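Right, one structure below, let's go through it.
The values are calculated or read from the model by the stated rules, or taken from the named source; none is laboratory data. As the structure is a computational prediction, the values presented were derived from the model and not from experiment. Reconstructed Cβ throughout: ideal geometry from the backbone, glycine too, with neighbour counts over all protein chains shown.
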Amino acid sequence: MAEEPIGRVTHFWPKAGAASLELSQPLKLGDRVRIRGHGHDFVQSVTSLQVQREPRRIVTPGQEVAIRVTMPVHEDDEVLRIVEEEPLARTAGVRDDRTIR
């Protein structure tokens, strides 16, 4: 499981459970993100994306976006996307059940 930095938190609304992000990479619904900051470090799926209170499925860098967060966050917390690594392709003709003698 690899991670790539995609932005930072610019504001947190505790009553709404939402955070505003400044993005450097695209983000879409369903992406898994890690939010890391002073005193906390957690992983969550992106379940809500909004730009100027309008729901979006994909957002691009340069847009100020709001997401729902599962835990409190702080300004300047780092946001990373979790990138699932692809499984290694099987090589034709190689059996997985070989034993080493």
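Quick notes on this one:
- Looking only at residues of segment 1-41 that are among the charged types (D, E, K, R) and surrounded by 15 or more Cβ atoms within 10 Å (Cβ to Cβ), we find that the one that is farthest from the chain's Cα centre (by Cα) is 22.
- Any hit, segment 8-21, residues being over 10 Å from residue 80 (Cα atoms) and in contact with a Phe, Trp or Tyr (Cβ under 6 Å, 6 or more places away or on another chain): yes
- Cβ-Cβ distances below 8 Å connect the following pairs, each with a first residue in segment 71-92 that is loosely packed, with under 10 Cβ neighbours inside 10 Å, a second residue that is modelled with pLDDT under 75, and a separation of six or more residues or different chains: 90/96.
- Scanning segment 42-63 for residues that are exposed (fewer than 15 other Cβ atoms within 10 Å of the Cβ) and of a type in the set (Val, Ile, Thr) gives 43, 47, 51, 58, 60.
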